[in-house]
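The values are calculated or read from the model by the stated rules, or taken from the named source; none is laboratory data. Treat the numbers as computed from the prediction; the structure is a model and nothing was measured. All Cβ positions, glycine included, derive from the backbone under ideal geometry; neighbour counts span all protein chains shown.
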Amino acid sequence: MSGAKKHILMISIPAYGHTIPLLELAKKMAHYHKVTFVVSEFLLEGLHRRHLLTDNPTITILSLPDGYHEEPHENALSVQVFSRILQCGIPSAEKLFSTIIPFSGNKNGHSLVSEPVNLVILDNMIAASAKALHNRGIPYCLFNSMSSTLVLQTLQVHADTQVSEEPIKEMLPFTDALPLSALYKALFLQIHEATLLTAGIIINTAYELERGIIDAIRSHPDMKGVPVYCIGPLMPVSKAETGHESIVKWLDGKKDKSVIYVAFGSIATPKPEDIRELWKALVKTEQPFLWALAKKEQHHLSEEILQKMSRQFEDDENSRCLILDWSPQKLILQHPATAVFISHCGWNSAIEGLATGVPVVAWPMSADQRPNAIELVRSGLGVLLEDTGYFSEKTVDAQDIYTALNEVADFARRGVLTKYQLAGLVWRNRLDDITSANGSAEKDFQHLVTG
């Protein structure tokens, strides 16, 4: 993409965990090229409300009517939900791709995109739609918002790969014999096939974080001639002046390394009985805590708690607890008051914990979250709560949560860093180096925008 400015079209799936990192990549690329960012109609209002969309004149935001919607009270990480995301995302992307204008070519019907496109960057979950681009001679890159393990797993899958007869509850760490459900096999085959024709693989990771896996990807026979760009971590820019002043003021009023931050991403939510046990543990610590809990899940808390929430920004005893339906995660993790992060360990949260140096109490729910959590524990950045998630029949005990929080943060020894907090400082400094002007992530990004 060297020379004059190009027009890059970028598209994700209707899921915040995939859309937000791709949007951050769009903001970076807009310094070099004109970018059209296509977002699911379902997510558009939420991105505006979270102050994540940009006023950059070199980025055009387009809303795609893909037909996706949430069903109330459903298991958000169920196979049915994931299937519906793909069923909405792939056909709508194919329809769009069949009408966009190649950089040199004639327009084919009505299109949301009015200008010729040099390159498309699409989420690898909708890789099946890339055939429409290849057939029209439009180059594309696949964007992987998850750990690079997923990319390596897709390269292992072939038509004769066996399908597990048992339900696969979550992705497993890389193994030579990978058990797959029929759904995941079909998806991984689509990604593998699209990889053979792609102009590059873009991964939201840093080479130093997953060195062995990245090396295995780059040396795979099917990756010959395919560049791999490790340009992460891609973290949303959150500033106090973008509508989060009250949260910053609340954090500013707390002592350094005193706040427990709880967030399970935009999809994952513990079971109702786990929510109540978590509340007990948080109260028992006698520490201030900030909990991002979706509105549709807040009714699992007691009426007394819900009444206190209406006064939680007031300067009294109620201000020790702050419960929000969404929170600016990077802003909170970077604040000196934050001591520990209770996280589901989705990939975005995992690398944000590393990049900000905040140790975690890992509470994986499903998908790739358990292997991510295991890697954080191996990195010295936290502890893992056992037998958690949608498929566990166990209720997580308040005492276990309380014990884990005290092991990681040791609130009784204020001013003395725990081994987990010291490890966090090491990782924060490493990620600062990786993302600096001379770091590997920035070098890969420069190769992407100029190559």
Out of all the residues in the stretch 260-277, which are in contact (Cβ under 8 Å) with a residue 60 or more places away in the chain and either of a type outside the set (G, A, S) or under 16 Å from Q399 (Cβ atoms) (or both)?
I260, Y261, V262, F264, I267, T269, P270, K271, E273, D274, E277
Single condition A437 does not satisfy, out of (1) modelled with pLDDT of 95 or more; (2) under 30 Å from H33 (Cα atoms)
(1)
Test set (1) over 17 Å from A268 (Cα atoms); (2) assigned to a helix (DSSP H, G or I); (3) at pLDDT 75 or above - E297 fails condition number:
(1)
The stretch 407-439, subset surrounded by 17 or more Cβ atoms within 10 Å (Cβ to Cβ) and of a type in the set (S, T, N, Q), residue nearest to E210 (Cα to Cα):
T435
Check on A132, at pLDDT 90 or above, under 29 Å from R211 (Cβ atoms) and not acidic (D, E)
no
Condition test on E286, is it surrounded by fewer than 20 Cβ atoms within 10 Å (Cβ to Cβ), at pLDDT 90 or above and over 17 Å from L405 (Cβ atoms)?
no
I'm trying to understand the selection: among the residues of the stretch 3-61, which are of a type in the set (V, I, T) and part of a helix (DSSP H, G or I)?
T19, I20
Among the residues of the stretch 29-70, which ones are among the basic types (K, R) and either modelled with pLDDT of 95 or more or over 27 Å from Q369 (Cβ atoms) (or both)?
K34
So is L405 at pLDDT 95 or above, of a type in the set (A, V, I, L, M) and under 14 Å from H344 (Cα atoms) or not?
no
Only one of (1) modelled with pLDDT under 95; (2) closer than 19 Å to P336 by Cα; (3) hydroxyl-bearing (S, T, Y) fails for T269. Which number is that?
(2)
Which condition breaks for M146 when tested against (1) assigned to a helix (DSSP H, G or I); (2) within 24 Å of A15 (Cβ to Cβ); (3) at pLDDT below 95?
(1)
Can you pull out the residues in the stretch 412-430 that are of a type outside the set (A, V, I, L, M) and within 10 Å of V358 (Cα to Cα)?
Y420, Q421, G424, W427, R428
Taking E352 as the residue in question, decide whether it is within 16 Å of P236 (Cβ to Cβ) and acidic (D, E).
yes
Output the helices (runs of 4 or more DSSP H) that fall wholly within the stretch 179-261 and possess 2 or more residues being more than 30 Å from L448 (Cβ to Cβ) and of a type in the set (V, I, T), or say none.
245-252
Residue check, L196 against (1) loosely packed, with under 15 Cβ neighbours inside 10 Å; (2) farther than 24 Å from G89 by Cα, all met but one. Which one?
(2)
Could you please tell me which pairs satisfy a Cβ distance under 7 Å, a separation of 6+ or placement on different chains, a first residue in the stretch 369-392 that is outside the structural domain of G357 (by TED's automatic domain parsing) and of a type in the set (V, I, T), and a second residue that is at pLDDT 90 or above and surrounded by 19 or more Cβ atoms within 10 Å (Cβ to Cβ)?
none
From the set of residues in the stretch 110-129 that are more than 22 Å from the chain's Cα centre (by Cα) and of a type outside the set (S, T, Y), which is surrounded by the fewest Cβ atoms within 10 Å (Cβ to Cβ)?
H110
